[in-house]
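Below: the structure, in structure tokens.
The values are calculated or read from the model by the stated rules, or taken from the named source; none is laboratory data. In this text, all values refer to a predicted model and were calculated from it rather than measured experimentally. Cβ coordinates were reconstructed from backbone atoms using ideal geometry, including for glycine residues, and neighbour counts include every protein chain displayed.
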Amino acid sequence: MYNIGGMPLEEIEDEAQELRRLRMPRDGEVFGIVEQLMGASRMVVKCKDNNVRMCRIPGKIRRRIWIKAGDIVIVKPWSVQADKKGDIVWRYTRPQVNRLMNQGVI
């Protein structure tokens with residue numbers, strides 16, 4: 001079924017579901033903005049704690065999400081070289097980023 005705007009109702013319901021519950025950084029995780037893609041699932045991320053980290057996408061989520069420069073992500077720093085390296089554990093969609101900005105989180 002389609003609504004008056006022409007968008008399928010399933011897509012509208014999916015977007016509403018995404019906005020209801022947002023994943024927030026847990027212990028040790030920080031927000032970050034992807035600055036540059038380096039290839040081989042690695043990228044340079046400017047984190048909210050003022051560190052620039054070389055981050056990778058773990059194999060568990062590598063094929064599920066596609067990340068480009070400018071995306072807002074959650075980074076989990078490594079236990080070794082925590083200020084230089086980390087893993088990307090979540091990427092926010094555009095509506096989710098808008099909601100985070102409206103709430104004053106980022």
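Some values worked out for this structure:
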| read-out | value |
| --- | --- |
| Strands (runs of 3 or more DSSP E) contained in region 43-93 and holding at least 1 residues within 16 Å of VAL105 (Cα to Cα) | 72-77, 85-91 |
| Within region 33-61, considering residues that are charged (D, E, K, R) and free of Cβ contacts under 8 Å to residues at least 24 places away in the same chain, the one nearest to TYR92 (Cα to Cα) | LYS46 |
| Candidate set: region 50-95, residues that are within 13 Å of GLU29 (Cα to Cα), at pLDDT 90 or above and among the small types (Gly, Ala, Ser); chosen: the one surrounded by the fewest Cβ atoms within 10 Å (Cβ to Cβ) | SER79 |
| Residues being closer than 17 Å to PRO95 by Cβ and surrounded by fewer than 16 Cβ atoms within 10 Å (Cβ to Cβ) - total across region 23-32 | 2 |
